[in-house]
Amino acid sequence: MTPAIGFDELHDELRGCRRCLEEGYWIAPGPVFSRGAGAGLMLIGQAPGPTEAIVKRPFNAGSGKRLFKWLAEAGWDEAEFRATAYMTAITKCYPGRSDSGKGDRVATPFEQALCRPWLEQELRLVNPRLLILVGGLAIKLLYPATMRLDEIIGTAAYFPPEVADPLNFDLSQAKIVASGEWRVAGEEAKPVTRHSPLATRHGRFVVPLPHPSGASLWPNKPENQVLISRAMALLREIREIER
């Protein structure tokens, strides 16, 4: 792939990709992604599910219902979000059912690596000011695998303009942001307002969310629902800054 292609050419190449099949992995051929008309908003999930593989629409089934219920707390209705966001995933094709028959198969690290150049092209083209990472595989783009969800959900990472390259996933270069404040190591917490250092259209916010699948019990716990609500409050504040 050439690095300077546009969306149409990238999507044509992506639809023709057979890398995983050629390596012997079973997938439902055909990538799942959607390109909204807006600029600067991107969501990365883990992988499409079985219904997404058929209709080619991200978060089409039960996990989508839960996700958009959360996002409604941040002020987005589903139609608006889909119309403005670029929605994609770590791996673009449905990887099939797990060997146990319960749930979907998690794409192997090798499959993720095969798909990574497509994701990097998407990130370069969208150049998001707000990036939402949904589920463990997406969260691990930025956060260490050793970090627990209850340490992550309800916060965001803010990359200031000088380090806001869309492919920069070095957490040490980010400021950790919580709802109602921004925190920098060794400094007092300060409010997030239009006049704060975060109120810039040249920086980048990254907000992690748990996987909204009904198979995941994590979002059902009351203490974790509080963290999800904090994440939605933070997304509302970020949207206000970006307006």
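Every number here is computed from the coordinates shown, using simple stated rules; none is lab data. Since the structure is predicted, the reported quantities are computational estimates derived from the model, not experimental observations. Ideal geometry is used to build each Cβ from the backbone, glycine not excepted, and the neighbour counts take in all protein chains shown.
So what is the relative contact order of the chain, in percent, for Cα pairs below 8 Å that sit 6 or more residues apart?
Normalised by residue count, the contact order of the chain is 22 percent.
Listing T91, T146, T108 from the residue with the fewest other Cβ atoms within 10 Å to the one with the most, what is the order?
T146, T108, T91
In whole Å, what are the extents of segment 1-87 along the principal axes defined by its C-alpha atoms, from largest to smallest?
Extents along the principal axes, in whole Å: 42, 31, 17.
Net charge around G214, counting only other residues with Cβ within less than 10 Å of its Cβ (Lys, Arg = +1; Asp, Glu = -1)?
+2
Which of H11, H202, H211 comes first, and how do the rest follow, when ranked by fewest Cβ neighbours within 10 Å?
Listed from fewest to most nearby Cβ atoms, that is H202, H11, H211.
How far is helix 109-126 tilted off the main Cα axis of the chain, in degrees rounded to 10, range 0 to 90?
With both axes taken from Cα atoms, the answer is about 60 degrees.
Run down the lysines and flag those whose C-alpha is under 25 Å from the C-alpha of K56, throwing out any fewer than 8 positions away in its chain.
K65, K69, K92, K102, K140
If you take all C-alpha pairs in segment 64-118, what percent of them are over 19 Å apart?
Working: 742 of 1485 pairs.
Roughly 50 percent, once rounded to a whole number.
Ignoring everything except DSSP H segments at least 4 long, calculate the 222 nm mean residue ellipticity for the chain; use -39,500 (n - 2.57) per segment, divide by total residues, nearest 500. Walk me through the numbers before you get to the answer.
Working: 9 runs with 85 residues, N = 243.
The helix contribution divided over the chain gives -10000 deg cm²/dmol.
Per the Cauchy relation, a quarter of the hull surface: what is the mean projected area of the convex hull of the alpha carbons in the chain, in nm²?
Its Cα hull, projected and averaged over all orientations, spans 13.2 nm².
Using alpha carbons only, how many angstrom separate the centre of segment 1-63 from the centre of segment 98-172?
Taking the Cα centre of each part, segment 1-63 and segment 98-172 sit 15 Å apart.
Which order do W76, W218 fall in if you start with the one that has the fewest other Cβ atoms within 10 Å?
Neighbour counts put them in this order, fewest first: W218, W76.
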